[in-house]
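Beneath this line is the structure, given in structure tokens, with notes to follow.
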Amino acid sequence: KAVVHRICAGQVILDLSSAVKELVENSLDAGATSIEIALKEYGEESFQVIDNGSGISPHNFKVLALKHHTSKLLDFRDLQLLTTFGFRGEALSSLCALGDLTVETRTKNEAVATHLTYDRSGVLTGERKTARQFGTTVTVKKLFSNLPVRCKEFRRNIRKEYGKLITLLNAYALISKGVRLVCTNTTGKNVKSVVLKTQGCGSLRDNIVSLFGTGTVSCLEPLTVCTSDGCTVEGFVSKSGYGSGRSMGDRQFFFVNGRPVDMPKVGKIVNELYRGANSRQYPIAIMNFTIPTQAYDVNVTPDKRKIFFADEGSILHSLREALEKIYSPNQA
Ligand code: ADP
Ligand code: MG
């Protein structure tokens, strides 16, 4: 019962970045190795997520966008063992309610793809054959157009919404190994530009190079932390003296078991130690925490950005020690 309540709680789509995030996570859940996010007018006109994942089987076409339809949660006990991003079945139904949703999809079993349209309540309204490679394309046009107040706000703040989205996509691009991730934005008369791009080949380091350049990577110090209870932290932080004046939100990325999360306490520790020696600057910090799944709970907020650790103290302590070695080696 508690699980059902938590699943129902809250609204998933709050802004442009949470909308696109849900689609990207669906592509990752579908095992895609190539994901393109195509924006029109910074996402104000439309956004589209194109993947080469599993595709959607015809028997799911009708129910796909209905509230709480999910193919991922087989048993409520699965919540503890969850390896997929999605499980609530809320994203597509919420997107239908907030914009014009179409889906094109093809599984390995289908000879041709199908183009699907849905109405505001998630009911399938159209279905026709189309040409497409294996995978899925979800397109949302005119997000929030049916909510005049929110829509006005959305359009006024579109650059800010876009900025937040790009930061989020950088996070997924950094942490996704073996996934080629590209984001494009088309403005005016079909002027299409590549906003970010990873090759989908290798390590976190390779992804940092793709996104931020070799110059950035040479200013980073690798970080490895292991605790006695089986937690690890791996990543990179700015070398002392090589931070940037840019706001920290831009260049600080934290992950737990490959999921982008907010970690204000970790951010505070790294900023404090770094700034002890380098005032007025922020370090770049990219850290992936590997934590046994029974030791934390991601299911705290609908966007899954906040998490609870069973034993936060010990890992933060070990992290602090490792960072002290980097930033104040004489004392450590
Ligand atoms: P959830 O991800 O929580 O299951 P969603 O509303 O995000 O719910 O998606 C509903 C269902 O649609 C998913 O469970 C999945 O079966 C299917 N789906 C959505 N996007 C994709 C995709 N890109 N590739 C394959 N299947 C998808
Ligand atoms: Mg989903």
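Note: relative contact order over the range 131-207, using C-alpha pairs below 8 Å and six or more positions apart, is 21 percent.
Going by how many other beta carbons lie within 10 Å of each one, how would you line up T139, T187, T224, fewest first? Least crowded to most crowded, the residues run T224, T187, T139. Coordinate range of the alpha-carbon atoms in the range 88-163 per principal axis, descending: 44, 27, 24 Å. Once the other residues with Cβ under 13 Å from the Cβ of N26 are scored (Lys, Arg +1; Asp, Glu -1), what is the net sum? For residues surrounding N26, the net value is -2.
Straight Cα distances below 18 angstrom link K177 to the aspartates and glutamates E25, D29, E36, D51, D206, E234, with same-chain residues fewer than 8 positions distant left out. What is the gain in length, in nm to one decimal, between V123 and V217 on full extension, counting 0.36 nm per residue of separation less the C-alpha to C-alpha distance? Net length gain for the segment: 29.0 nm. Residue by residue, the range 47-60 carries 3J(HN,Hα) couplings of 9, 9, 10, 10, 10, 10, x, 5, x, 10, 6, x, 5, 9 Hz when phi is fed to the Karplus relation 6.51 cos²θ - 1.76 cosθ + 1.60 (θ = phi - 60°); x denotes Gly or Pro. Measuring nothing but how far apart in sequence close Cα pairs (under 8 Å, 6+ apart) lie, relative to its length, the range 181-237 scores a relative contact order of 21 percent.
Across the cross-link table entries K62/K189; K108/K192; K239/K268; K67/K192, which are compared at the Cα atoms, the separations over 26 Å belong to K62/K189; K108/K192; K67/K192. Model label points for T130 and K177, set 7 angstrom from Cα along the Cα-to-Cβ axis, are 3.5 nm apart.
Dipole check for the range 2-197: with +1 at the C-beta of Lys and Arg, -1 at the C-beta of Asp and Glu, and the Cα centre as origin, the magnitude is about 380 Debye.
Here the Karplus curve 6.51 cos²θ - 1.76 cosθ + 1.60, taken at θ = phi - 60°, turns the phi angles of the range 88-97 into couplings of 8, x, 10, 5, 5, 5, 5, 5, 4, 5 Hz, with x standing for Gly and Pro.
A cut-off under 9 angstrom between Cβ atoms defines the neighbours of R132, and their net charge, with Lys, Arg +1 and Asp, Glu -1, is 0. Summing Lys and Arg as +1 and Asp and Glu as -1 over all other residues whose Cβ lies under 11 Å from the Cβ of E110 gives a net charge of +4. Dimensions of the range 2-197 along the principal axes, based on C-alpha atoms and rounded to the nearest Å, stand at 45, 41, 37, largest first. What FRET efficiency would be calculated for the residue pair E110, V195, taking the C-beta separation as r and a Förster radius of 51 Å, to the nearest 0.05? Once rounded, the FRET efficiency stands at 0.95. Computed from backbone phi with θ = phi - 60° and the Karplus coefficients 6.51, -1.76 and 1.60, the 3J(HN,Hα) list for the range 257-274 is 6, x, 9, x, 9, 8, 9, x, 5, 5, x, 5, 4, 5, 5, 4, 5, 5 Hz; x is used for glycine and proline.
Rule-based calculations on the coordinates, nothing more; no lab input. Because the structure is predicted, anything quoted here is derived from the model rather than measured. Cβ: placed from backbone, ideal geometry, glycine included. Neighbour counts: every protein chain shown.
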